[in-house]
Every structure is written in structure tokens, then in C-alpha cells.
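The values are calculated or read from the model by the stated rules, or taken from the named source; none is laboratory data. Here the structure is a predicted model, which is why all the values come from computation and not from measurement. Backbone-built Cβ (ideal geometry, glycine too); neighbour counts: all protein chains shown.
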2 protein chains.
Amino acid sequence: MSVILKAIRLCYDFRLPASTRTSLAINYYNIFHKNISTAVDLPQTMASEKILPNIFQFVDKNINSYKSLLKEAVAIPSVSCDVKYRDDCVRMVKWMQDKLKEVGATTELRDVGFQTIDGKEVKLPPVLIGTLGNDKKKNTICVYGHLDVQPALKSDGWLTEPFELVERDNKLYGRGSTDDKGPVLGWLHAINAYKGVGVELPVNLKFVFECMEESGSEGLDALLIEQLKPAGFFNDVDYVCISDNYWLGTTKPCITYGLRGISYYFLEVECAKMDLHSGVYGGTVHEAMSDLIYLMGQLVDKDGKILITDIYKSVAPLTESEKSLYTNIDFDPEAYRKSIEAPKLAHNGVKEQLLMHRWRYPSLSLHGIEGAAFQPGAKTVIPGKVIGKFSIRLVPNQEPEEVEKLVFEYINKKWAERGSPNKMRITAQSGRAWTENPDHPHYQAAARATKLIYQTDPDMSREGGSIPVTITLQEASGRNVLLLPMGAGDDMAHSQNEKINVRNYIEGIKLFAAYLYEVSKLPK
Amino acid sequence: MSVILKAIRLCYDFRLPASTRTSLAINYYNIFHKNISTAVDLPQTMASEKILPNIFQFVDKNINSYKSLLKEAVAIPSVSCDVKYRDDCVRMVKWMQDKLKEVGATTELRDVGFQTIDGKEVKLPPVLIGTLGNDKKKNTICVYGHLDVQPALKSDGWLTEPFELVERDNKLYGRGSTDDKGPVLGWLHAINAYKGVGVELPVNLKFVFECMEESGSEGLDALLIEQLKPAGFFNDVDYVCISDNYWLGTTKPCITYGLRGISYYFLEVECAKMDLHSGVYGGTVHEAMSDLIYLMGQLVDKDGKILITDIYKSVAPLTESEKSLYTNIDFDPEAYRKSIEAPKLAHNGVKEQLLMHRWRYPSLSLHGIEGAAFQPGAKTVIPGKVIGKFSIRLVPNQEPEEVEKLVFEYINKKWAERGSPNKMRITAQSGRAWTENPDHPHYQAAARATKLIYQTDPDMSREGGSIPVTITLQEASGRNVLLLPMGAGDDMAHSQNEKINVRNYIEGIKLFAAYLYEVSKLPK
């Protein structure tokens, strides 16, 4: 690492003012560009144009406004899984629509119908569709993001109010800060920065921002495949970019070319039409909880090996060349372990094994039980009906239908062995795994942009999580899809005390601006 | 059954007016008293005094006011397990204090200190202590009841608002209607009825009404044993009566001489300091849920047999004479099964086996898991820390300390076999079983009162539930303790749609009045 690179990092560590950071960055940019001798190919026009250095300078001058806009967005509790926040979801979508309008996009809110909750029809929040620019000479990028968040209560163990963005130690804490309001605003700020330095946006943009991602993206697939695609929305799209994931660790950026799928199960056992008093009924009924715990106990062993017959059979075989890839990935198992304070990691904490079990092998997690006692204290209930929740993260080449069949057969077999007189029912919701070719020019363009911002070649990585819309967008557009993370691996999306580092947020805005620039140089 | 008895029952079935019922009851009372030829001995003075017939008439005239007072009490959501209702608990206690004052009792609210919740000290609701009458010639009865309720939400599956008393089909639906606000008000109405007919109460009364029964009666034992007993509160108490349980079935009254105890366990497993995203972390951690489900799966088999080593060893052996008792109890397994819509009962639905497993054998129930996903929908969390809840109903001669030791040893052994690197911890709260001698004159007095109201000898029964204060009151007073149920076996205490039958509520008031009368005739 050069002295200047070190200096830039230290600027962050010692909280030096933005102006110092910017001038160091521009210095670095010039030096870097003159002495280029890396695997990444930088466009020759950039140095003379000075567009990106000016944009970076603009971004560093506007940090406070970026923080306050994120604060506004986080303050809207757009929790999609709980209908009592449905109005907030709609408010969030409209808030973002106004922001897109302000940068000149044409927008529309698309009605995607209803969802059924407890037998009632509940209106889904609309999907925000936008278009900015229509220049036939430019490449067109379709950007996807989501405006909804996971539930969060201070009493869950948050140190601050979850829906109030709070800065501490150069981190911005708040629900949605990293998943996915920060990245969505990142696109907005990047567009604004081009405007701010008086440069025309080098690409056309199309936006798909939904507010149901954390709840299965209900209604979105139908909109994309059955309405937007036939109407030609994707006809001029050249590339698709999603920023809804995280670096692998906390220091090195990455670009993501693979996601696991998910097969989520609802395993229901009923022993009575209502909950029963355990004193009055205990000893006289076949308890549903006992049956459910038995079934849930048959799914996975203590080391995480899935016990469902033939479940590993269709998993893509590990080649020697793939195996070698994991060795070079920047991933520190001990830092990962410490960040979650786990007593011990699986697979004896061996780096390559951990990465493979995160990315290329399926995993099964037991999430919880609906209908049983969950409150603190000593509730003495015999639940009448309980629904166990578990899911399997799917990998290439596992087909959801095949996995569901194996799970159903296995559960039915175990249920027959149990011989309980109770009622059992299992249902599933699934989405397949996704991978792209990381050697595609689109990935190389994103890698150049990343190197420009973070002064290091990004890792080409996969992720353990699932973003089903990735596959839908790939199918709907027929184009290369890329996942460009903004946040860091310890951002605690879905968990208590979710945050985004100030550095990731601000450099992320520059990264998005640079990415738009790099993609503009790709052939149409 | 005589024609008149049938007529009285039909009055209820066909909703005849109270006046018709009362005159039939008085007719019956006269006939019954003249032709007495049963095991139950009626006091010879009653017919000439006509006190009870007058009281019954008074009660039948005041049904609407009894209902509206119960409506008031149910409307106060005095949920003791959730601190957000703590003010309502205090309000409920004060409401009842006012009612006791109105009938002439001297009352006081006793501070019982604090409870610790999540490391915070929370003030407990006060215990309401009352005294009515101080005539040395009269017997003194100590009456216990509780003013708190189990939690209830309409969304749990209630057909009406849980905290709004609603009458339908001669049933009063509402949380606390039968457990235990209805019975507590029953005492009040019985006292009022004596006043209403201008007759002096034949006994002295002492009241202990608490508001933490559903949450382990925190603070009550210390108050009774360390404060009230040394201060002489129990010195003049001759008998103790608790109405906080139910008939065995739906038609035949009973008096209860035994309760199971309870040993409640909190089984905690921790794999990380926070909840984790199952996509990002699945496959890399030893999941706490998987360990907990394993441990919970080792506790009981599908037929309800407890698997904990030696757990049945100290259970009182079944004698031939005890065995024969169960044959004569009025209990219909098929009606019981239908009332909860269970596919099949345990022990092949054999009556004697069911009664024994409710009353004289321990049972183990798995109640739920704190810290795991419990909401509807597909939450993809790996819980960081989970607490499994289960309990064992204890029976004579199981000592709580001995049972806890067996459970701890068993769980520790299974945990060692599991070999998980996670942290496991188990804690317990326990109270022992209770039995009294049902041949005691106190029980015979209650049996006479019951027969007078319901025209049938009550079953002398035990219960599967636990009311730990029963033992404390037995110890504190050194007197015979009796459980006199008001509600029916299908009242669904602790469950959705809790109710009390109008018949049980109104006849229960008469029963309490008759019980006070009968006990007044017992020797001091």
C-alpha cells in the first residue's frame, strides 16, 4: 500500500475533515492513473476529464446532507411483514418517488394487488418504477433496491431507537441503514453528484424499488414478468445492478456473482382446537409441541449436517479449480467468530470450509415456533396448534421442487414412524440459487470502479443469503446481473443494532458514481 | 331425579325467569329437607330459619347487577405476566378494595416489594387483606382469590374482545370470568345477599386477594409466612377456602382435596450474542435452536411418558382402594375429547387412566421457546439465544428439590452426549403437590352446601393444576383448606374464549352463601 493510500485510510481512522480526504484522493487518483500496472484496466479518458475526482470532491462536501436524508428514510418504519406498518410502507415508497422526481426521473407507482393474511385481503404497497434518460447512444442500467425493512423493537436488544438514525464511532445505527435504504439512497446521491458537478449522466437508468422484499417480494415477480417485460420495460436495458448485500468481511470490498436460494417450510401439528391449561389437560392429550419438537429434531445434526435423505445428491460437485478459489478470498474466521461472540464456529473454523458452507453447500436453520409460548416468564400452556419454521438455503444445482419433494417425503416418513394421532401438515415456499459469470465485462467494469474507490482488487464472492428478485431480473431482462455491495460484513442486517459505516455509505456513493461511469464505457 | 329437580334444570335450559327458578328451588328445598335420606346431613335449623331460601330468592333477583359488576372487573386488563399492565393490576386491586369496604370490611393494601425483570426492579401489585367481623362465637373463614389474569389478545383466536364481558347462549365470555374474577366476586355477592335479606353474616371472614397468581404469586409467601402469620392474622382462622378451580366436567359439581405441584424449567442455549441472518451465517455456526430442540426432544415420548431417569420413583404407589375411587367419578372421556376437538386422547381414552394421569401421576408439557421466531410469516433468523420452557406437574410424594435434581442431572447428561460448543444453562421454579383429607367436617359442610344448590352429592376430586398458595395457606394457618369450584370444566381458563356459565356464576353465589351457613354450624 502506498503512503497516500495509507493516508486516506488514516483520514477515516482519525476523522479528518472531508477536504483533506478529497485532496488526498485526487492526488492518489492522479498517481494511480499514471502508474497503472494492475490487472484492472482504467479508461484512458478519465484523467483528462476529471469527472470522477470532481464528483468525489462534491460527495465529500455533502456528507451531512446524505446523513440527514438517510435519517429521514430510517425514520419511516416501513416494516413489510407486519400489516400495521403497511401505511408506513406506502409512505416510504411515495417519499422515494418524490426523491426520484427531484432528480428528473419519470416515475410511476404500480399496483401489485393484495396479499392474504389470516384469510383477509390486505393491499400490497405499490412498486416504484422510474426512468431517467432515454439516450439511445448510452448504456441503460436497471437498478433494483428495496424500501422495506425487517421488524425492530428497542426491547429486542437495540442500544438506540431502531427507527432513529444515530451516529456513533463513525457508524450510522438504525433499521434499514444498510438493508437497504442506505444503498437505495446511494444511487440517488450518485445521480445528484453528476448534476452537482455539472456533468451529464453517462448512462440511462431504470429503477425498480419495491417495499415487500423482506416478506417474499409478493406481487413483484408477476409485475416484472407479466407486465413490465411484455410492455417493453426491459427492451433497452443493457445491465442490471442490485445493491442489497454486504462485503464478506469488514475491510475488503467484493462483488457478488452468486446467491443461495431458499426453501422455507411451515410444519404444522395440531392436537386440540385451542390452547389448553397444562395442569388441567397435562397427561391426557398427545401434545402437539412434543410431536413438533420430535420432527424438528430429525432435520439436522449438531454440526449442521442436514439429515434429509438424498438432500446433498444434486449439489454441484466441487472441482479442484473451484476449491482453489476459496484460499485466496480475504476472510478472517476468528474476526468473524468474535463479531458474533460465538463460542466456536462450525467446521472447526477452517476458512475454506466456512466459505463453502456459506456459499456452495446447503444449510438448514430452525427459526422458531408459531403458536407456542414465546413471552418471558412461566406460561403454563399446552399449545393447541403449533407451526415450526425451518428453511434450507439452496445451492447450484438444487431445484426447489426436488428439494421440497425430498423434505416432504422425509417428514412424512418420520411422522409415520412417530405414530401420533395428531394432525400434521407441511407446506413450503422456495426460490432457487443464482450465479453469474464473474469474468463478464460488466463485472470487470464494477471491479475497476471498486478499485478506484478502495484501492484494492475486490474479491469476486458469493453469498449465503437469497435475493429471489435477482433471478427474476435475470430472466425478465435477459441481461447480466451484478450485485454491488455498499455495506460491510458486520452491519447486522436483520439483527439488532443494524448499522452502516459512514465510510461505506460515503465511499459507496462514490463507488456507484464510478460504476455508472465505468459501465458507460462498455460497448452497447 | 325428582320431577322438581328436573324442572329446575329445565328452567336453565329454557331460560325461564329467575322468579320461576327461585320458587321451584324453594319448593325443592322444603321437600328435600323434609324427606332427607342421603349421606349428607342437613342442619335442622335451616328450614325454620328460611335464611337460605330467602338468600337464593335475593340472588335470583339481582342477576343483572352481578353480571354488570363482573363486566366491570373483566374490563380491567390485570395481566400480571406483562409489566405494561402493572398499573391495571394495581387498579384492579384498588377496585376490589373499594368493594370490600362497601360491604363493611376493614382492608389494607400490603406492599410486597419488587420483582426483577431483565435486570430491572419492578414494583409488585399490593396484596389486598381484609377482615369482616370479629365475633368470638363465630367460626372464621379465610378466603383466598386472585385478581390477575392470563394474557389475552383477540388475535389469539378469541371470538369477542377478551376484556369485554359478552353474554352468549347463557355463557359470560371474557378473560378472568372464571379464573378468578367471577369466584372472587361470588364471595362479595354472597356477603351482600346476607345483608340484602337482613340477616347477620353467620361467620367472620378474612380475605387474601392477590394480583400475581398467574405469575408465581411473587411476594405472597413471604407476606403470609413472615408477616401476617407472626402478626397473628391466622390466629382466629378456623377454615380456609379457595375458589380458584373448576368442576371436572360440565354438569356435576365437585369439591377438590388435591392439586398437583409444578416444577417449571427454563432451558437456555446461546450460540451468539445476537440473532443472525440465516443466509449469511447458516452453515457456519452451531445453531442454538438445533441444540435446544434436541434437548427438548429428550424429555417425553409421544404417549406422554416422561423420559427423565427415576422421575416416577418417588410417586406415591397406587393402592387398590385408591384405584377403585376413580371408577365412581362422573367423567365422560368422549365429551372431554370433543370439548377440545382432540383427534384422540392419551391412554386410549380410558376414564380411570385419564383421571389418574391428571391427578396422581406427573405430566410433562413443552410450552414454547423464548427468543426464537414466533410471528406469522417466514422470518429467516438464526436466534442467538433461546430459552425452552417446559414443566412437570408434581404429585404426592414428589419433592420439588428431588425432581429438580433429577431433571438437572438428566439434562446435563444429554448435553454432554450432544457435545455442542454452545453455552447451556437450566434453572427451575417449583412448588409441591397438595392433598387434604376429604372426610374432614369442613369438606362435609361444603358437600351439604353443594348438594343443596345442585341437588346431587358432589364428587370429591383432585385437580391436575397447581395453586401453590394452597400449601402456604395450609402451613400459615395450620387449618383445613378446601377448594370450592364455581366454574365448569369447559370454562377454558388460560385459553381463548374463557367463559363462565351464567348458571355456574349465579348458583355459585348461592353455593358460597350456603357454604358460609354450613360452616357456621361446625364446632369452633
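Considering the conditions (1) polar (S, T, N, Q); (2) out of contact with any helix residue (DSSP H, G or I) (no Cβ under 6 Å at 6 or more places or on another chain); (3) more than 8 Å from chain B (Cβ to nearest Cβ), A:Gln353 is excluded by exactly one of them, (2).
With respect to A:Val285, determine if the residue is in the same structural domain as A:Lys414 (by TED's automatic domain parsing) and in contact with a Ser or Thr (Cβ under 7 Å, 6 or more places away or on another chain). So A:Val285 does not fit the description; no. From the list B:Ser495, B:Ser477, B:Ser461, the one residue that fits, being under 24 Å from B:Ser263 (Cα atoms), in contact with a strand residue (DSSP E or B) (Cβ under 6 Å, 6 or more places away or on another chain) and of a type in the set (Ser, Thr, Tyr), is B:Ser461. Within the set A:Asp88, A:Asp98, A:Asp82, the sole residue that is in contact with a Gly (Cβ under 9 Å, 6 or more places away or on another chain) and charged (D, E, K, R) turns out to be A:Asp82. A single entry from B:Val386, B:Val395 fulfils the requirement of being within 14 Å of chain A (Cβ to nearest Cβ), modelled with pLDDT of 95 or more and within 30 Å of B:Tyr326 (Cα to Cα): B:Val395. Hey, can you tell me all the residues within the stretch B:248-257 that are buried (at least 24 other Cβ atoms within 10 Å of the Cβ) and modelled with pLDDT under 95? Across the stretch B:248-257, the qualifying residue is only B:Leu248.
When the stretch B:174-202 is filtered for residues that are surrounded by fewer than 24 Cβ atoms within 10 Å (Cβ to Cβ) and touching a Ser or Thr at 6+ places or on another chain (Cβ under 7 Å), only B:Pro202 remains. Going through (1) in contact with a helix residue (DSSP H, G or I) (Cβ under 7 Å, 6 or more places away or on another chain); (2) modelled with pLDDT of 95 or more; (3) assigned to a loop (DSSP other than H, G, I, E, B) one by one, A:Gly232 falls short only on (1).
Restricting the stretch B:235-247 to residues that are touching a residue at least 24 places away in the same chain (Cβ under 8 Å) and surrounded by fewer than 21 Cβ atoms within 10 Å (Cβ to Cβ) leaves a set whose member that is nearest to the other protein chains (Cβ to nearest Cβ) is B:Val237. Filtering A:Gly508, A:Gly478 for residues that are surrounded by 18 or more Cβ atoms within 10 Å (Cβ to Cβ) and outside the structural domain of A:Thr309 (by TED's automatic domain parsing) leaves a single hit, A:Gly508. Here the condition is being assigned to a helix (DSSP H, G or I), on the phi < 0 side of the Ramachandran plot and modelled with pLDDT under 95; of A:Ile509, A:Ile467, A:Ile471, it holds for A:Ile471 alone. Can we say A:Thr456 is assigned by TED's automatic domain parsing to the domain that holds A:Val237, within 29 Å of A:Asp310 (Cβ to Cβ), out of contact with any strand residue (DSSP E or B) (no Cβ under 7 Å at 6 or more places or on another chain) and β-branched (Val, Ile, Thr)? When the stated conditions are applied, A:Thr456 does not pass them. Please work out if A:Ser263 is away from chain B (no Cβ under 14 Å), more than 30 Å from B:Ser363 (Cα to Cα) and among the hydroxyl-bearing types (Ser, Thr, Tyr). So A:Ser263 does not fit the description; no. Can B:Ile311 be described as within 7 Å of another protein chain (Cβ to nearest Cβ) and either surrounded by fewer than 24 Cβ atoms within 10 Å (Cβ to Cβ) or within 16 Å of B:Lys414 (Cα to Cα) (or both)? The answer is no for B:Ile311. Residues of the stretch A:381-404 that are in contact with a Pro (Cβ under 8 Å, 6 or more places away or on another chain) and assigned to a loop (DSSP other than H, G, I, E, B): A:Val395, A:Gln398.
Of all residues in the stretch A:327-368, those satisfying the criterion of being among the charged types (D, E, K, R) and either within 23 Å of the chain's Cα centre (by Cα) or modelled with pLDDT under 95 (or both) are A:Asp330, A:Asp332, A:Arg337, A:Lys338, A:Glu341, A:Lys351, A:Glu352, A:Arg358, A:Arg360.
Residues B:Glu167, B:Glu200: which one is free of Cβ contacts under 8 Å to residues at least 60 places away in the same chain, more than 30 Å from A:Ala378 (Cβ to Cβ) and not in a helix (DSSP H, G or I)?
From the options B:Glu167, B:Glu200, the qualifying one is B:Glu200.
B:Ser420 fulfils the conditions (1) within 13 Å of another protein chain (Cβ to nearest Cβ); (2) buried (at least 24 other Cβ atoms within 10 Å of the Cβ); (3) touching a helix residue (DSSP H, G or I) at 6+ places or on another chain (Cβ under 8 Å) except for a single criterion, (2).
Yes or no, residue by residue, for (1) in a loop (DSSP other than H, G, I, E, B); (2) closer than 23 Å to A:Glu463 by Cα; (3) touching a Lys or Arg at 6+ places or on another chain (Cβ under 9 Å); (4) within 9 Å of another protein chain (Cβ to nearest Cβ):
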{"position": "A:Val280", "(1), (2), (3), (4)": "no, no, yes, yes"}
{"position": "A:Gly283", "(1), (2), (3), (4)": "yes, no, yes, yes"}
{"position": "A:Leu292", "(1), (2), (3), (4)": "no, no, no, yes"}
{"position": "A:Gly304", "(1), (2), (3), (4)": "yes, yes, no, yes"}
{"position": "A:Pro317", "(1), (2), (3), (4)": "yes, yes, no, no"}
{"position": "A:Leu325", "(1), (2), (3), (4)": "no, yes, no, no"}
{"position": "A:Lys338", "(1), (2), (3), (4)": "no, yes, no, no"}
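For the stretch B:460-475, the tally of residues that are more than 17 Å from B:Glu213 (Cα to Cα) and surrounded by fewer than 22 Cβ atoms within 10 Å (Cβ to Cβ) stands at 2. In the set (1) more than 29 Å from A:Pro396 (Cα to Cα); (2) more than 14 Å from chain B (Cβ to nearest Cβ), the condition left unmet by A:Gln496 is number (2). Would you check if there is a residue in the stretch A:414-423 being part of a strand (DSSP E or B) and over 30 Å from A:Ile255 (Cβ atoms)? There is at least one residue in the stretch A:414-423 that is part of a strand (DSSP E or B) and over 30 Å from A:Ile255 (Cβ atoms).
Yes/no per residue for (1) touching a residue at least 60 places away in the same chain (Cβ under 8 Å); (2) buried (at least 17 other Cβ atoms within 10 Å of the Cβ); (3) within 14 Å of chain B (Cβ to nearest Cβ); (4) not aromatic (Phe, Trp, Tyr):
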{"position": "A:Thr106", "(1), (2), (3), (4)": "no, no, no, yes"}
{"position": "A:Val112", "(1), (2), (3), (4)": "yes, yes, no, yes"}
{"position": "A:Asp118", "(1), (2), (3), (4)": "no, no, yes, yes"}
{"position": "A:Lys123", "(1), (2), (3), (4)": "no, no, no, yes"}
{"position": "A:Leu128", "(1), (2), (3), (4)": "yes, yes, no, yes"}
{"position": "A:Val143", "(1), (2), (3), (4)": "yes, yes, no, yes"}
